[in-house]
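Notes for the one structure printed next.
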Amino acid sequence: MTPEPGTPVAAGRTASAGGPSGSVPSAPPASRDAPIATEGLTTSALHKAFGDHPVLRGVDLTVPDGAFAAVLGASGSGKTTLLRILAGFEQPDRGVVAVGGVILDDDHHHVRAERRRIGYVPQEGSLFPHLTVEGNVGFGLRAREGREAEIAELLERVGLSGLGHRYPHQLSGGQQQRVALARALAVRPHIVLLDEPFASLDAGLRATVRADVRAAVQRSGATAILVTHDQDEALSIADLVAVIRDGVVAQAASPRDLYESPVDPDLARFVGEANLVEGTSYGSTAETSLGWLELRDGHRPARQQITVLVRPEQLRVTPPPGGGPGVAARVVEAGFHGHDALVHLVTEDAAAAPMIARVVGGMKLEAGARVTIKVVGPVHCWPRPSAGAANPEPPAGEEEGEPA
């Protein structure tokens, strides 16, 4: 028995083909008055290849209803292919896509893009140049009583009240993206897909438009999925961030969990600046070249060889005089970014890797300056490859969490 596209199914089960004739019905046509899905979006074992080049190798992802999720990945990781499959523009080779418990793709069926109740906002907006703002927003709405009021409400929701009679060339880049969002929201979609819509905007405008887009999507009640290669963008806008790497989801978590507790060192470096320090665990603490550090992950085997993650903002830099407790270091260079500075340092330990610290405020540090660095707060760690607990208990004379 095969599942019907457009048919609700229980988790882990498929619905049987319906109708006495055994024919498989299509998903119901989109209706602005249909209820919003409550079960969010799920993909299971999603695969896609182009010729002999595999792009998606088994994507498992769950986005709760009403969440604003970001799919983050480097160029060629498969994030755009995933978005196109969700939209219905591409068919997966195998695997399942479901929205609100309704199957859109599986090994037997494919619901066409126009019947999915999924809105799509492309990178450049792709507005019709010969239509006004109102014409673009209302393009997918049927002619009926109240249509003009719906368009006016959508324009107000995205901050474009009074601009309905303008043409796309009379708008700024940020305004064009708002029009594209309003057009996507016009059919009251279950899901809104955003394909790097802020990439072409300048930095100052990007943050404002990003916040406005998130607010408009939240007011609509839709679930949103943003594809981006910008780590700061993903961490600042999303409730859930899924990192695509080598065609699979390497980790899906809240922005804070992803940043503070990444699954491996490579992912730690991908989502932000990272200092990776070798150490030895003793229960809930670790001995490292930066001193004794508290482990965020709780109790670990005694004397296990580990790699510790120290984010730049966890390094407190104190210049002389009176450097205070910590490890002596020398400034190699300091990059000023206005709101903060990234300071590159080396310690007196020749075997230690260079460190990066983030310094806020008016501290001026020149190359060659002698400073003291100290780690503030608990740190994340991973067992080093082929590293285990060589000794289940600390050696005689040592207590867990204290130096000998």
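In terms of packing, defined here as the mean over residues of other Cβ atoms within 10 angstrom, the peptides 58-69, 96-107 line up highest first as 96-107, 58-69.
Here K48 is the anchor, and the aspartates and glutamates within straight C-alpha reach of less than 19 Å, apart from those fewer than 8 places off in the same chain, are D60, E90, D93, D105, D106, D107, D195, D246. Only lysines eight or more places from K374 in sequence, or on another chain, were considered; those with a Cα closer than 25 Å are K364.
Considering only alpha-carbon pairs that sit under 8 angstrom and 6 or more positions apart, the relative contact order computed for the stretch 57-155 is 14 percent. Label sites at S75 and Q305, each approximated as a point 7 angstrom past Cα along Cα to Cβ, lie 3.7 nm apart.
Report note on the peptides 184-192, 279-287: ranked by the mean count of other C-beta atoms within 10 Å, highest first, their order is 184-192, 279-287.
With a Förster radius of 45 Å applied to the C-beta separation of A207 and S386, the computed FRET efficiency comes to 0.50.
Averaged over its residues, the stretch 259-383 has an accessible area of 47 Å² per residue, based on protein heavy atoms and a 1.4 Å probe.
Extension gain for R316-D232 works out to 28.0 nm (0.36 nm per residue, less the C-alpha to C-alpha distance). Solvent exposure of the stretch 134-229 amounts to 43 Å² per residue of accessible area, where only protein heavy atoms count and the probe is 1.4 Å. Amide H to amide H, with H built 1.01 Å from N, E196 comes under 5 Å of V227, counting only residues 5 or more places away or on other chains.
Here each label is just a point 7 Å from Cα along the line to Cβ, and for V376 and F89 those points are 4.5 nm apart.
So for each of 337-346, 85-94 I average, over its residues, the number of other beta carbons within 10 Å; can you give me the resulting order with the highest mean first?
Working: 337-346: 15.0, 85-94: 18.6.
For the peptides 337-346, 85-94, the packing ranking is 85-94, 337-346.
The simple Förster model, with R0 at 25 Å and r as the Cβ-Cβ distance, assigns D239 and S261 a FRET efficiency of 0.90. Once the other residues with Cβ under 12 Å from the Cβ of R358 are scored (Lys, Arg +1; Asp, Glu -1), what is the net sum? Net charge around R358: -1. Whole angstrom only: what separates the Cα centroid of the stretch 249-267 from the Cα centroid of the stretch 58-100? Distance between centres, Cα-based: 18 Å.
The values are calculated or read from the model by the stated rules, or taken from the named source; none is laboratory data. From a predicted model like this one, the values you see are computed outputs, not experimental measurements. All Cβ positions, even for glycine, are placed from backbone atoms using ideal geometry, and neighbour counts span all protein chains on display. When the accessible area is computed, the model is the full protein with side chains, heavy atoms only, and any ligands, DNA or RNA have been set aside. Shrake-Rupley method; radii C 1.70, N 1.55, O 1.52, S 1.80 Å.
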